[in-house]
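S.K.: Here it is, the structure in full.
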């Protein structure tokens, strides 16, 4: 159904199943994988599981496994990204579809463009760190051969990706010589991506698929055209150049004999051309981040990775370079808060820049802060750090809203029961006074995943304020997610009846996609076809037919005969056929266009038909 081979499925599972426990617990999207035992991982990776739930799409028949809801991921300025949180099985399928596409897609970029994205399908790496490190390494290695660099960034990159253009490009390149992806596959991928992204390109936490599709495919033609333009500027304006991209960040290294004034004028021409190319793909430059500088100034714009020892052959130890960094950081925030009453996002970033910028070593300040937060928890257990933190929390927890994830981890790393207790008290106080906001939700999320999702009072607040998020916790953060499949007795039975019939699964999944968009006429068209087809399976299972003739079950009278033992079935089926025959998506009569009807009529009919399916199966002991 998805074009996912068993090997791809195993590779994608390994990307996440082999990560250490603490890494998985750092992200809500990955937390469910931390609960998997060795036996669970073996089961999910097994060929039996693959054939049962993945190969033919049976796994997406289970309602809870189609869960998607808002995730609480912040940008550098403190605002929230338009990101989605999806079920752990849906997440694996998304990454596997991305890998399947990657094995068929051939980039059209010139080979001398260096491109990195958050992960690497070829090396089966699902995390951004190695790619990000290689991005740094490439620039630091190449920069000495050029006298200028241009730094660029794309405005709201993920949010402006056009899925139609993305799929058209995949179709054009993958099917250039032979049909490798059918229109059915392409349409399914588009709808699947849209579903995972809640109507848009899927911005899902730590998704290598999202990064690959956006970087390698969507920006492929953009980079090719920009490269052609830069090539046309060859001597005397440009002696040589190098394009190095990490997702939407593009550095253009330039060797030019021009003066500074002439180079600046040239950079405006390059910017205008790049902007025009981006516009053709419904993207735009982030003008505030576009600049040209001499290569000697690279340290002001680009930091070496904490993990990079390639250019210096020296291993740096952050505690030696900034021994009192975390205490100075907390003091600076506390002092700024006392002076002005609160700390703005801009002031907070300035504090990070000031405290964690290390002379002579080009570490990015946020990377240094991340080291103290995630890799050196002991730094928060000194009496001075604990004292300052407790003082700040007692006063007001609004400072945590500046950076909920990092500050929550710092508080937990302090192992100060007083600080942790005071944090929870403040959260409960905000809830009772109805001052709760999305930042408080983010604090609660990070507290819960770092404490094993075991605080019932905090979970109760999440349940009241974010139902879908609460469902995610209940279903996937308290037990292995593969056990959820076994708990769906109805869909276990129905998927057994459907068996290997991809078409029946396809109809139902497309119905779910349309429901997700609240397109009820389209949803009804898919569901009615699903009903007819699954009825054929049920009837032939009961009668033990060796072969199913699906065309017999499109007729109203035939369906009424199959369900004749169920009260009101004849009228339910008759009404369903009238709706189908008047639906412009299914029938030329298109009477629904002229009728006054509500989506409730279509939803009610779907519920009635689903009830008939379940009742017939139960009467014949096909499901419990």
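S.K.: Looking at the range 235-266 only, could you name the residues that are over 40 Å from the mean Cα position of the chain (by Cα) and free of Cβ contacts under 8 Å to residues at least 40 places away in the same chain?
M.R.: To start, the set of residues in the range 235-266 that are over 40 Å from the mean Cα position of the chain (by Cα) comprises 235-237, 239, 256-262.
Once the filter is applied, which keeps residues that are over 40 Å from the mean Cα position of the chain (by Cα) and free of Cβ contacts under 8 Å to residues at least 40 places away in the same chain, the range 235-266 yields 235, 236, 237, 239, 257, 258, 259, 260, 261, 262.
S.K.: Which fully enclosed helices (runs of 4 or more DSSP H) of the range 491-569 have 2 or more residues being closer than 21 Å to residue 3 by Cα and not assigned by TED's automatic domain parsing to the domain that holds residue 189?
M.R.: Details: elements: 502-516, 520-543, 556-562.
Here the list reads 502-516.
S.K.: Here is a follow-up. Looking only at residues in the range 169-186 that are touching a helix residue (DSSP H, G or I) at 6+ places or on another chain (Cβ under 9 Å) and outside any loop (DSSP other than H, G, I, E, B), which one is surrounded by the most Cβ atoms within 10 Å (Cβ to Cβ)?
M.R.: The selected residue is 170.
S.K.: Going through the range 313-367 one residue at a time, which ones are touching a helix residue (DSSP H, G or I) at 6+ places or on another chain (Cβ under 7 Å), at pLDDT below 85, within 19 Å of residue 381 (Cβ to Cβ) and in a helix (DSSP H, G or I)?
M.R.: 318, 325
S.K.: Within the group 456, 438, 433, which residue is touching a strand residue (DSSP E or B) at 6+ places or on another chain (Cβ under 7 Å) and more than 30 Å from residue 188 (Cβ to Cβ)? Talk me through it step by step, then tell me what you get.
M.R.: Working: 456 fails: touching a strand residue (DSSP E or B) at 6+ places or on another chain (Cβ under 7 Å); 433 fails: touching a strand residue (DSSP E or B) at 6+ places or on another chain (Cβ under 7 Å).
Going through 456, 438, 433 in turn, the sole match is 438.
S.K.: Moving on to the next point. Which residue out of 151, 165 is more than 26 Å from residue 404 (Cα to Cα) and not in a strand (DSSP E or B)?
M.R.: Checking each option against the conditions leaves just 165.
For (1) within 15 Å of residue 485 (Cα to Cα); (2) in contact with a strand residue (DSSP E or B) (Cβ under 7 Å, 6 or more places away or on another chain); (3) in contact (Cβ under 8 Å) with a residue 60 or more places away in the chain; (4) buried (at least 22 other Cβ atoms within 10 Å of the Cβ), each residue gets a yes or a no:
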{"position": "40", "(1), (2), (3), (4)": "yes, no, yes, no"}
{"position": "78", "(1), (2), (3), (4)": "no, no, yes, no"}
{"position": "100", "(1), (2), (3), (4)": "no, no, yes, yes"}
{"position": "104", "(1), (2), (3), (4)": "no, no, yes, no"}
{"position": "107", "(1), (2), (3), (4)": "no, no, yes, no"}
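S.K.: May I ask you to say which residue of 82, 56 is surrounded by fewer than 20 Cβ atoms within 10 Å (Cβ to Cβ), touching a residue at least 40 places away in the same chain (Cβ under 8 Å) and not assigned by TED's automatic domain parsing to the domain that holds residue 513?
M.R.: None of the others qualify; the one that does is 82.
S.K.: Here are some residues: 94, 90, 85. Which one is within 30 Å of residue 400 (Cβ to Cβ) and at pLDDT 90 or above?
M.R.: 85
S.K.: Separate question: Answer yes or no: is there a residue in the range 377-386 that is under 22 Å from residue 30 (Cβ atoms), in contact with a helix residue (DSSP H, G or I) (Cβ under 8 Å, 6 or more places away or on another chain) and part of a helix (DSSP H, G or I).
M.R.: Yes; the residues of the range 377-386 include at least one that is under 22 Å from residue 30 (Cβ atoms), in contact with a helix residue (DSSP H, G or I) (Cβ under 8 Å, 6 or more places away or on another chain) and part of a helix (DSSP H, G or I).
S.K.: I would also like to ask the following. In the list 553, 526, which residue meets the criterion of being more than 28 Å from the chain's Cα centre (by Cα), surrounded by 15 or more Cβ atoms within 10 Å (Cβ to Cβ), farther than 28 Å from residue 41 by Cα and at pLDDT 90 or above?
M.R.: Step by step, each of 553, 526 is checked, and only 553 is more than 28 Å from the chain's Cα centre (by Cα), surrounded by 15 or more Cβ atoms within 10 Å (Cβ to Cβ), farther than 28 Å from residue 41 by Cα and at pLDDT 90 or above.
S.K.: Of all helices (runs of 4 or more DSSP H) completely enclosed by the range 1-85, which ones contain at least 1 residues that are more than 21 Å from the chain's Cα centre (by Cα) and within 16 Å of residue 95 (Cβ to Cβ)?
M.R.: In the range 1-85, the matching helices (runs of 4 or more DSSP H) lie at 6-17, 38-45.
S.K.: Please pick out the residue among 32, 63 that is crowded, with 21+ Cβ neighbours inside 10 Å and either in contact with a helix residue (DSSP H, G or I) (Cβ under 8 Å, 6 or more places away or on another chain) or free of Cβ contacts under 8 Å to residues at least 40 places away in the same chain (or both).
M.R.: Checking each option against the conditions leaves just 32.
S.K.: Here's a follow-up. Just wondering, is there one or more residues in the range 259-268 that are under 22 Å from residue 116 (Cα atoms) and modelled with pLDDT of 90 or more?
M.R.: Applying the first criterion (under 22 Å from residue 116 (Cα atoms)) to the range 259-268 yields none.
No - not one qualifying residue is present in the range 259-268.
S.K.: Restricting to the range 109-143, and then to whatever is over 22 Å from the mean Cα position of the chain (by Cα) and part of a loop (DSSP other than H, G, I, E, B), can you tell me which residue is surrounded by the fewest Cβ atoms within 10 Å (Cβ to Cβ)?
M.R.: 111
The values are calculated or read from the model by the stated rules, or taken from the named source; none is laboratory data. Keep in mind the model is a prediction, meaning the values are calculated, not measured. Cβ: placed from backbone, ideal geometry, glycine included. Neighbour counts: every protein chain shown.
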